[in-house]
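To start, the structure itself, in structure tokens.
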Amino acid sequence: MKITEKRTILPDDVRKLCVEMGYYNAGTNVEYGCFLDTVNSIQNGHITNEMLYILAKDICKHTDIEDFGDMGETERIQSIMYDLARVSRTVFTVEK
């Protein structure tokens with residue numbers, strides 16, 4: 001038996017997360033559009049931890065730092081990665 005796990009993330013879920021958490025509040029509309037295009041380009045594929053990191057780093061770069069209190073950049077990125085993983089969807093496939 002082979003069990004496969006695939007994690008995906010939808011642009012609308014990321015957009016809702018950004019609104020809910022106040023993320024991307026220091027980015028322009030063009031930057032935000034490019035960011036969502038990046039998310040859209042992976043929506044049908046498997047999102048890796050590395051891709052979560054890239055998305056979280058972009059969000060962190062375009063979010064007012066004061067919103068994170070005393071957290072350092074690494075901790076901010078980790079926190080955003082957690083939030084992204086929380087809104088991602090995991091699908092399991094079982095093959096005999």
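Things worth noting here:
- Virtual spin-label span in nm between K6 and N40, 7 Å along Cα→Cβ: 2.1 nm
- Cα gyration tensor category, rounded, prolate or oblate, for the chain with a/c compared to 1.5: prolate
- Helices of the chain meeting both criteria, an alpha-carbon length of 27 angstrom or more along the long axis and an average Kyte-Doolittle score not below -1.0, with helices taken as full DSSP H segments, do not occur.
- Rounded FRET efficiency, nearest 0.05, which uses the C-beta distance separating V94 from K16 and R0 of 25 Å: 0.25
- The GNM of the chain, with springs linking C-alpha atoms under 10 angstrom apart, assigns the highest mean-square fluctuation among M81, M51, M21 to M21.
- In this label model, E73 and V87 are separated by 2.4 nm, measuring between points 7 Å along each Cα→Cβ vector.
- Taking 18 Å as the straight-line reach from the Cα of K61, the aspartates and glutamates in range (excluding those fewer than 8 positions away in the same chain) are E20, E31, D37, E50, D70, E73, E75, D83.
Values quoted throughout were computed directly from the atomic coordinates according to the rules given, and no laboratory measurement underlies them. Treat the numbers as computed from the prediction; the structure is a model and nothing was measured. Note: ideal-geometry Cβ built from the backbone for every residue, glycine included; neighbour counts use all protein chains shown.
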